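The structure appears below as structure tokens.
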Amino acid sequence: MSASSGCGGWRRQWIASVLLYCACAGMALGADMGVHPVTHVITIEGMKYSPEVIEVNAGDTIVWTNKDAFPHTVTAENHRFDSKEIGSGRSWKFKASVRGVFPYICSFHPTMRGKLVVK
Ligand SMILES: [Cu+2]
């Protein structure tokens with residue numbers, strides 16, 4: 001096979017324009033659709049939610065993992081969500097679909113406070 005071809009230049013240009021088109025389309029899609037849903041992890045340890053405040057996008061999932069030796073809950077003050085009891089070493093998952101600010105507490109230890117911000 002010969003490396004030199006009469007239409008190599010044309011072909012390169014065509015490929016370059018296709019690549020450019022894809023890059024632009026990708027950027028436009030990214031801007032329109034936002035980011036893909038992701039999962040955020042909050043650790044419950046030492047009677048604290050860590051991080052205490054988390055900002056997520058609607059559609060994201062949040063997982064609380066209890067690393068304490070006793071149970072906790074993740075209970076929204078407005079009762080939008082309630083994990084009920086999360087035993088030691090267990091996790092609870094919540095998909096944030098409604099935008100807003102959701103302060104939450106542990107119903108067993110009301111001094112434990114966290115805040116979920118859904119954008
Ligand atoms: Cu607790």
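For segment 89-119, give me each residue that is more than 15 Å from Thr43 (Cβ to Cβ) and in a loop (DSSP other than H, G, I, E, B).
Ala96, Ser97, Val98, Arg99, Ser107, Phe108, His109, Pro110, Thr111, Lys119
State yes or no: is Gly59 small (Gly, Ala, Ser) and farther than 15 Å from Lys95 by Cβ?
For Gly59, the condition - small (Gly, Ala, Ser) and farther than 15 Å from Lys95 by Cβ - is not met.
What number of residues within segment 77-117 are open to solvent by 30 Å² or more (accessible area, probe 1.4 Å), polar (S, T, N, Q) and within 15 Å of the ligand (Cβ to nearest atom)?
4
Return the residues of segment 23-48 that are modelled with pLDDT of 95 or more and closer than 21 Å to Val98 by Cα; say none if nothing qualifies.
Across segment 23-48, the qualifying residues are Pro37, Val38, Thr39, His40, Val41, Ile42.
Would you confirm whether or not segment 30-46 contains a residue that is within 16 Å of the chain's Cα centre (by Cα), on the phi > 0 side of the Ramachandran plot and exposed (fewer than 14 other Cβ atoms within 10 Å of the Cβ)?
yes
Hey, does segment 62-73 have a residue that's in contact (Cβ under 8 Å) with a residue 24 or more places away in the chain, open to solvent by 40 Å² or more (accessible area, probe 1.4 Å) and in a strand (DSSP E or B)?
no
The values are calculated or read from the model by the stated rules, or taken from the named source; none is laboratory data. A quick note: this is a predicted structure, and the numbers were derived from the prediction, not measured. Reconstructed Cβ throughout: ideal geometry from the backbone, glycine too, with neighbour counts over all protein chains shown. In case anyone asks, the SASA skips ligands and DNA or RNA and just uses the protein heavy atoms, side chains included. Shrake-Rupley method; radii C 1.70, N 1.55, O 1.52, S 1.80 Å.
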